[in-house]
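**Student:** Could you have a look at this structure, given as structure tokens, before my questions?
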Amino acid sequence: MADIEVTSPADSIRAVQWEGGQIRLLDQRKLPGETAYINIHQVEVLAQAITDMVVRGAPAIGIAAAYGVVLAARTAYQNDSNRWQEKIKPDLIMLAAARPTAVNLQWAIARMGRLFPAIIGNPEAPLLKEAIAIHEEDILANRKMGMFGAELIKGAGQVMTHCNAGSLATGGYGTALGVIRSAFAQGSINRVFACETRPWLQGARLTSWELQQDRIPVTLIVDSSASYLMQNRQIRWVIVGADRIAANGDVANKIGTYAHAVAARHHRIGFMVVAPASSIDMKIASGADIMIENRDAREITEYAGRAVAPDGVDAWNPAFDITPAALIDYLVTEKGVIHQPDKVKMAAIFENLS
Ligand code: MRU
């Protein structure tokens, strides 16, 4: 990767890297206690790592998948240099199914696939070049969104975020945390309330860790205290990321986001979604058509391997929810900012998106 200027300690975090012909993933299941990396050179191992949340966050999953296409193409070419484009297909289908909600996964695989017809000979070098471009473009998009978002929240003081939409969830710098980083650097933010984000605790384990690295004051709260925080007027903005945005502006993001948006509207607090164009899916008319990942019930019936619910209890564990566009004040993307997103405003910017 080309050197992109690093602006803060947490901005130097790279959840996904390409090193020595392999993918190197920071194992996010182990943070904040342990900083461990996993090297991957087989696409099926990568698909499992995405399902298991070694790497998570929509843009980071997309970048990992782009490098995964390089691994898959290498194997397919080694097995049959004349028919590698045919042989690679089952691997790409498997990779695309590793997590269903974040569109960045399918988007990255499709973008890599568009290169195939023009490739003559060994595909590894041209595909790697494209994967690196996807990675670098993501970081630059985050920088741009950081600037756009910070402009909107001048003098915000205290803000709240949910899940982790930071360096760890992207190529680097972050989406929602990118805006927070930029606004903090400008003196507009002095404290971030981070929702713990049950059941995976991305807020407790990852967001508070990232913000601590950058010395941005952070207060951790349980998810259920968010509306009480808003009622007490302690925050001015809720700033979150997205996993998929439909053509009408409806947003799929980490479970709990919708509840925060409802509460924010009730308390007249600004609600901002920050996401790159790679998270926008103009083929999906509304949030109702977005597939929501349901994860293993044990993520909520157990805590750190210990049962916290009675044996055999029924449990429902959707990993994401849909926030209707009508509850979103600003959608910040690298292509532009939309105030009160709807179908017409979305089409004006993203109609020809591929
Ligand atoms: O289940 P996760 O941790 O992959 O969910 C992540 C989120 O919901 C993020 O808010 C979203 O992917 C945006 S990350 C820039």
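**Student:** Consider Glu136 against the criteria (1) within 12 Å of the ligand (Cβ to nearest atom); (2) of a type in the set (D, E, K, R); (3) assigned by TED's automatic domain parsing to the domain that holds Ala108: it satisfies all of them except one. Which criterion is unmet?
**Tutor:** With respect to (1) within 12 Å of the ligand (Cβ to nearest atom); (2) of a type in the set (D, E, K, R); (3) assigned by TED's automatic domain parsing to the domain that holds Ala108, Glu136 is out only on (1).
**Student:** Ok, one more. If I ask for residues that are open to solvent by less than 70 Å² (accessible area, probe 1.4 Å) and in contact (Cβ under 8 Å) with a residue 24 or more places away in the chain, which ones from region 223-242 would you list? Working first, answer last.
**Tutor:** The first filter runs over region 223-242 and keeps only residues open to solvent by less than 70 Å² (accessible area, probe 1.4 Å), leaving 223, 225-227, 229-230, 235, 237-242.
Once the filter is applied, which keeps residues that are open to solvent by less than 70 Å² (accessible area, probe 1.4 Å) and in contact (Cβ under 8 Å) with a residue 24 or more places away in the chain, region 223-242 yields Asp223, Ala226, Ser227, Leu229, Met230, Ile235, Trp237, Val238, Ile239, Val240, Gly241, Ala242.
**Student:** Still on this structure: Mind checking which residues of region 184-200 are touching a residue at least 40 places away in the same chain (Cβ under 8 Å), open to solvent by 60 Å² or more (accessible area, probe 1.4 Å) and within 21 Å of Gly155 (Cβ to Cβ)? Steps first, please.
**Tutor:** Quick first cut of region 184-200, residues touching a residue at least 40 places away in the same chain (Cβ under 8 Å) only: 185, 193, 195, 197-200.
Applying the additional criterion that residues be open to solvent by 60 Å² or more (accessible area, probe 1.4 Å) yields 185, 198.
Ala185, the sole residue that qualifies.
**Student:** Determine the pairs where a residue that is touching a residue at least 24 places away in the same chain (Cβ under 8 Å), located within region 256-279, has a partner that is among the hydroxyl-bearing types (Ser, Thr, Tyr) and surrounded by fewer than 18 Cβ atoms within 10 Å (Cβ to Cβ) with Cβ atoms under 6 Å apart, the partner being 6 or more residues away or on another chain.
**Tutor:** Ala263/Ser227
**Student:** For Arg111, all conditions in the list (1) within 16 Å of the ligand (Cβ to nearest atom); (2) in contact (Cβ under 8 Å) with a residue 40 or more places away in the chain; (3) closer than 21 Å to Ala277 by Cβ hold save one; what is the number of the exception?
**Tutor:** (1)
**Student:** Just name the residue that is surrounded by the most Cβ atoms within 10 Å (Cβ to Cβ) out of those in region 26-43 that are hydrophobic (A, V, I, L, M, F, W, C) and more than 26 Å from Glu130 (Cβ to Cβ). Let's see the steps before the verdict.
**Tutor:** Going through region 26-43, the residues hydrophobic (A, V, I, L, M, F, W, C) turn out to be 26, 31, 36, 38, 40, 43.
Next cut, more than 26 Å from Glu130 (Cβ to Cβ) only: 31, 36.
Working: Leu31: 20, Ala36: 13.
Residue satisfying both the conditions and the ranking: Leu31.
**Student:** Wholly within region 213-325, which helices (runs of 4 or more DSSP H) include no fewer than the required count, namely at least 3 residues that are away from the ligand (no atom under 16 Å from the Cβ) and more than 21 Å from the chain's Cα centre (by Cα)? Spell out the reasoning first.
**Tutor:** Details: elements: 226-231, 257-266, 298-301.
Correct list: 226-231, 257-266.
**Student:** Still on this model: Any residue in region 175-184 that is under 21 Å from Ala15 (Cα atoms), out of contact with any Leu (no Cβ under 8 Å at 6 or more places or on another chain), within 13 Å of the ligand (Cβ to nearest atom) and assigned to a loop (DSSP other than H, G, I, E, B)?
**Tutor:** yes
**Student:** Also, I was wondering about something else. What number of residues within region 82-139 satisfy the criterion of being among the aliphatic types (A, V, I, L, M), in a loop (DSSP other than H, G, I, E, B) and surrounded by fewer than 18 Cβ atoms within 10 Å (Cβ to Cβ)? Reasoning before the result, please.
**Tutor:** Going through region 82-139, the residues among the aliphatic types (A, V, I, L, M) turn out to be 88, 92-98, 102-103, 105, 108-110, 112, 115, 118-120, 125, 127-128, 131-134, 139.
So of that shortlist, the ones also in a loop (DSSP other than H, G, I, E, B) come out as 88, 97-98, 102, 115, 119-120.
Within this subset, residues satisfying the condition of being surrounded by fewer than 18 Cβ atoms within 10 Å (Cβ to Cβ) are 97, 115, 119-120.
Matching residues across region 82-139 total 4.
**Student:** Quick check: anything in region 7-25 surrounded by fewer than 15 Cβ atoms within 10 Å (Cβ to Cβ) and within 23 Å of Gly113 (Cβ to Cβ)?
**Tutor:** Here is the first cut: in region 7-25, the residues surrounded by fewer than 15 Cβ atoms within 10 Å (Cβ to Cβ) are 9, 12, 19-21.
If we keep only those that are within 23 Å of Gly113 (Cβ to Cβ) as well, we get 21.
Yes - at least one qualifying residue is present in region 7-25.
**Student:** Let me ask something else about it. Just wondering, is there one or more residues in region 158-171 that are more than 10 Å from the ligand (Cβ to nearest atom) and at positive phi?
**Tutor:** Looking for residues that are more than 10 Å from the ligand (Cβ to nearest atom) and at positive phi, one finds none in region 158-171, hence no.
**Student:** Right, another one. Taking region 149-198 as the region of interest, how many residues are among the aromatic types (Phe, Trp, Tyr) and more than 14 Å from the chain's Cα centre (by Cα)?
**Tutor:** The total comes to 2.
**Student:** Any residue at all in region 290-307 that's free of Cβ contacts under 8 Å to residues at least 24 places away in the same chain, out of contact with any helix residue (DSSP H, G or I) (no Cβ under 8 Å at 6 or more places or on another chain), on the phi > 0 side of the Ramachandran plot and not charged (D, E, K, R)?
**Tutor:** Yes, region 290-307 contains at least one residue that is free of Cβ contacts under 8 Å to residues at least 24 places away in the same chain, out of contact with any helix residue (DSSP H, G or I) (no Cβ under 8 Å at 6 or more places or on another chain), on the phi > 0 side of the Ramachandran plot and not charged (D, E, K, R).
The values are calculated or read from the model by the stated rules, or taken from the named source; none is laboratory data. Note that the coordinates shown come from a computational prediction; the quantities given were computed from them, not determined experimentally. Cβ sites come from the backbone with ideal geometry, for glycine too, and all protein chains shown count toward neighbours. What goes into the accessible areas is simple: the full protein's heavy atoms, side chains included, and nothing from ligands, DNA or RNA. Shrake-Rupley method; radii C 1.70, N 1.55, O 1.52, S 1.80 Å.
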